[in-house]
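Inspection log for the structure reproduced underneath, given as structure tokens.
The values are calculated or read from the model by the stated rules, or taken from the named source; none is laboratory data. On a predicted model such as this, the values are computed, not experimentally measured, just so you know. Cβ atoms come from the backbone with ideal geometry, glycine included; neighbour counts cover every protein chain shown. We work out accessible area using only protein heavy atoms, side chains counted, and drop any ligands, DNA or RNA first. Shrake-Rupley method; radii C 1.70, N 1.55, O 1.52, S 1.80 Å.
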Amino acid sequence: MNSMPNFHSRFCLKPLTVAMLAIGLCACSGPSSVSNQNASGADSSPTSSSQSDSAEMSNLNSTEQRLGKPVVYQVFTRLFGNQNTKNQPWGTVEQNGVGKFSDFTPKALQAIKSLGTSHIWFTGVPHHAVINDYTDYGISNDDPDVVKGRAGSPYAVKDYYNVNPDLADNPAKRLEEFEALIARTHEAGMKVIIDIVPNHVARDYQSLSAPEGVNDFGELDDTSVEYARDNNFYYVVGEAFKVPSSNDYEPLGGEEHPLADGKFDEFPAKWTGNGARAAQPDINDWYETVKVNYGVRPDGTYDFPTLPEEYSNKPFEAHAAFWEGKDVPDSWYKFRDIAHYWIDKGVDGFRYDMAEMVPVEFWSFLNSSIKEKNPNAFLLAEVYQPDKYRAYIQKGKMDYLYDKVGFYDTLKTIMQGKGEVSDLVAIHDEISDIAPNMLHFLENHDEQRIASPDFAGSAEKGKPALAVSALISASPTLLYFGQDVGEDGSEETGFGDPTRTSIFDYVGVPAHQRFMNGGEFDGGKSTEQEKALHTFYKDVMNIAASHSAVTGKYTSLHAQNLSVEGSAYTEKQFAFVREKDGHGLLVVANFSDNSTGSIALTVPADVVKSDAESLTLNPLLSHESLTLEKGLNGYKATLSLEALETKVFSY
């Protein structure tokens, strides 16, 4: 979740939530191309990816045919198809434009799929608070005093049983238009993920589309008490909500609006989404949202059955059986019904916002019920506390968690020239038992764009990081739209801050728009550098998606090669192997802005599981092959890498 206002401290972001928690309560396999294991060792000519990739990498006809890992492509749905280039700060939808569900044409979907994509995460789909006037469609206007940006935060959901009217060509048919997009995505051989934001809802939640018999959040609450188990919210008894104030921020950038009066009618005040209990939250709080009550008392104790420890090792069927007949808080049932509603509409999984702010027992209850309906549902959670990882995977029955605090944060320092590869090796080893469950990414809507000055300043510096991130484990890799063409997030858009593509504003995304080329999605207006970057992303991600060694055993070669005397291998290079059944991948990445010089690479014989005198490894990117010669202490080869180059070989 990304929810800070437009002034200097707005991007303290999610680390504040960890402090608020107490308040708010690989495997790999591989039919890689195997060369003649007694080859003479002569290098082949450099080969383009289209020539070197095996047939299995050239076309992914369906997610079921994949031999590698899942690839999740995150699109900010409101921005993806927008072709308007004005980008006026605080611009209206008429001024700056907005993308639609219909922009995901077969051409667009094929372009997404060409990056090895198995799942599209359509971010910002559930109907959240917006400033546009949709009263003609029976939708109440939202108050700018409790909406962040003009377009609104996707993490302030107003109606879980419908979709954002901004995204529809005909807002009256918005749900049908999304259902058609689900069908198109499935026809293109990919699956659909949407957000569920369990920790909080919009301050003015009201569903127009809930099925008969479903009550809104808070509709039946006893507001005379701070807490009751079956209340959906927590209350500041006897006090009215007060809009937070700041000298540095005005809703809509100061533009006049009939509802922008510094007031919002709410009595009694509810706790704010990040757990703040004051009737007037701070401007840095998630003041546009209210916290959902899961039966966690204000003192932090639980008002629901706890899950026995042995359930960490039990399958989802056992979890579902445990909850059968148990009496649990009302909010649990509400979110179970919401998730089942979308599964029944063909959604294939969910990304859960700030899952760590919701008790793990609820996740056992919800996720086991989802898996009973769809055992292949893709369940991804945002969790930032490493000491909770295993509980949310094992007890909470999550498929995947963000590997942000460990892997991403460490890799970012290396990309910035401040970290060492040994630190990355160590942090990855710490979660080796759950590595296949830890989703990797370099960008998402919460993080800075790689090319932004505050991150790396160049999209090129993301190339070795992409190869390492995508190929080091069997965990899914997430790509953010525009990442593959070097989007830098530099637009001044209003509420959103440069370095991140704004999720609060109507905005065009320039590098992505050039690739989109008026709906052709062929890079027709991209720069040569953007085209080359996109090709690199396609090549690496199709290895990740299609090469079965990516789901095999991981072995770091880093420490061993650091100790080789006379070799150019340093803390700015990273070599590792993925292997299964004697076939695998050798990856050598250079994080340095300079070429390496001669590296004397050492690969233990037991890693490649061969006793041949020489092994010729085939190139999977645009570089030469590599011959390993057997020596006394394993195999050896000499190679060099250009600045920021990665070489990937199959054996």
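List of remarks:
- If R0 equals 51 Å, the separation of the Cβ atoms of Ser490 and Asn633 corresponds to a calculated FRET efficiency of about 0.55.
- Approximate spin-label separation Ser140-Ala643, in nm, with each point projected 7 Å along Cα-to-Cβ: 5.8 nm
- Mean separation of Cα contacts under 8 Å, 6 or more apart, over the residue count of region 122-206: relative contact order %: 38 percent
- Residue-wise HN-Hα couplings along region 523-530, as the Karplus relation 6.51 cos²θ - 1.76 cosθ + 1.60 with θ = phi - 60° gives them from phi, are x, x, 10, 6, 6, 4, 5, 5 Hz; Gly and Pro carry x.
- With a simple spin-label model that places each label point 7 Å from the Cα along the Cα-to-Cβ direction, the separation between Glu372 and Ala180 comes to 3.6 nm.
- The gain in end-to-end length when the Glu317 to Asp344 segment is fully stretched comes to 7.8 nm, 0.36 nm per residue minus the alpha carbon separation.
- Other residues with beta-carbon under 15 Å from the beta-carbon of Phe322 carry, at +1 per Lys or Arg and -1 per Asp or Glu, a net charge of -1.
- Each 5 Å bin, from zero up to the one with the longest distance, holds this percent of the alpha carbon pairs of region 421-569: 2, 9, 15, 18, 18, 15, 11, 7, 4, 1, 0, 0.
- Placed amide H near Arg449: partners under 5 Å, 5+ positions off or other chain: Arg500, Thr501
- Cα gyration tensor shape for region 489-535, rounded if a/c is under 1.5, else prolate or oblate: prolate
- When each of the peptides 256-268, 520-532, 434-446, 199-211 is scored by how many other beta carbons lie within 10 Å of its residues on average, the order from highest to lowest is 434-446, 199-211, 520-532, 256-268.
- Accessible area expressed per residue, the chain, with surrounding protein chains retained (probe 1.4 Å, Å²): 35 Å²
- Inter-label distance for Ser598 and Asp327, nm, one decimal - labels placed 7 Å from Cα along Cα-to-Cβ: 7.9 nm
- Assigned charges on the beta-carbon of Lys, Arg, Asp, Glu; region 144-216 dipole about Cα centre (debye): 240 debye
- Annotation: lysines with alpha-carbon distance below 26 angstrom to Lys395 (same-chain offsets under eight excluded): Lys14, Lys69, Lys191, Lys291, Lys314, Lys326, Lys334, Lys371, Lys373, Lys404, Lys553.
- Cα-centre dipole for region 56-199 with unit charges at Cβ (Lys and Arg positive, Asp and Glu negative), debye to 20: 560 debye
- Protection proxy ranking for 509-515, 344-350, using the average of other Cβ atoms within 10 Å per residue and placing the highest first: 509-515, 344-350.
- Close amide H contacts of Gly634 (hydrogens built in the peptide plane, cut-off under 5 Å, sequence separation of 5 or more or a different chain): Ala605.
- Linear extension gain, Thr301 paired with Ala605, 0.36 nm per residue minus alpha-carbon span: 104.0 nm
- Rounded if a/c under 1.5, otherwise prolate or oblate - region 187-314, Cα gyration tensor axes: oblate
- Förster radius 22 Å - calculated FRET efficiency between Glu310 and Asp433 (Cβ-Cβ, nearest 0.05): 0.80
- Mean silhouette area of the chain, derived from the convex hull of its C-alpha atoms and averaged over all directions, reads 27.8 nm².
- Database remark: amide H of Gly273 closer than 5 angstrom to the amide H of Trp286, Thr289, Val290, Lys291 (H placed geometrically; neighbours at sequence offset of 5 or more, or on other chains; Pro and chain starts carry no H).
- Overall form of region 137-195 per C-alpha gyration tensor (a/c, 1.5; a/b vs b/c): prolate
- Note, ³J(HN,Hα) from phi for region 629-634, Karplus 6.51, -1.76, 1.60, rounded to Hz, x at Gly and Pro: 9, 6, x, 5, 10, x
- On the chain, 47 percent of the accessible area sits on carbon and sulfur atoms, based on a 1.4 Å probe.
- Subtracting the Cα-Cα distance of Lys107 and Asp261 from their residue separation scaled by 0.36 nm leaves 50.9 nm.
- Residue-wise HN-Hα couplings along region 329-339, as the Karplus relation 6.51 cos²θ - 1.76 cosθ + 1.60 with θ = phi - 60° gives them from phi, are x, 4, 4, 4, 5, 4, 6, 4, 5, 5, 4 Hz; Gly and Pro carry x.
- FRET efficiency, Ala612 to Thr85 (Cβ-Cβ, R0 60 Å, nearest 0.05): 0.60
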